[in-house]
Amino acid sequence: MTNKMATARASAETFDEFLENRGLLAECEERAIREIIAAQLADAMREQGITKTAMAGRMQTSRRQLDRLLNPEASSATLDTLLRAAKAVGRTLRIELA
């Protein structure tokens with residue numbers, strides 16, 4: 001066994017600790033949240049047969065704004081936009097502090 005493998009096995013560092021130690025945890029968590037919300041909205045739209053144009057209409061916004069909301073790379077979604085998107089697919093938005 002190589003020294004590197006022995007060190008890796010001996011480490012009790014969790015993945016979250018690994019990311020935190022490198023200053024990446026908050027960024028990764030934010031990205032994960034954006035991906036989850038985008039996927040949930042896209043799934044709800046698909047299940048209900050809602051097109052992007054119809055969804056934008058329900059939200060009283062532009063198709064371009066909806067595209068940004070569904071893109072996890074974009075980080076400009078406001079709480080108001082998220083609330084309108086949830087309502088447009090008959091869902092509620094739950095936010096909590098942990």
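The values are calculated or read from the model by the stated rules, or taken from the named source; none is laboratory data. All of these numbers come straight from a predicted model, not from anything done at the bench. Here Cβ is always computed from backbone atoms with ideal geometry, including for glycine, and neighbour counts include all displayed protein chains.
Details
- Qualifying residue in the range 70-77 (condition: more than 27 Å from L97 (Cα to Cα) and among the acidic types (D, E)): no
- Residue in the range 67-83 that is touching an Asp or Glu at 6+ places or on another chain (Cβ under 8 Å) and part of a helix (DSSP H, G or I) present: no
- Matching residues in the range 41-56 - criterion: being surrounded by 12 or more Cβ atoms within 10 Å (Cβ to Cβ) and either among the acidic types (D, E) or at pLDDT below 95 (or both): none
- Residues that are surrounded by fewer than 10 Cβ atoms within 10 Å (Cβ to Cβ) and of a type in the set (V, I, T) within the range 79-98 comprise T92, I95, listed in sequence order.
- Neighbours by Cβ (under 6 Å, 6+ apart or cross-chain): first from the range 20-48, closer than 16 Å to R94 by Cα and without any contact (Cβ under 8 Å) to a residue 40 or more places away in the chain; second surrounded by 12 or more Cβ atoms within 10 Å (Cβ to Cβ) and of a type in the set (D, E, K, R): none
- Count of the range 7-50 residues, restricted to those that are of a type in the set (D, E, K, R) and within 23 Å of L82 (Cα to Cα), is 9.
- Yes/no for G90 being assigned to a loop (DSSP other than H, G, I, E, B) and modelled with pLDDT of 95 or more: yes
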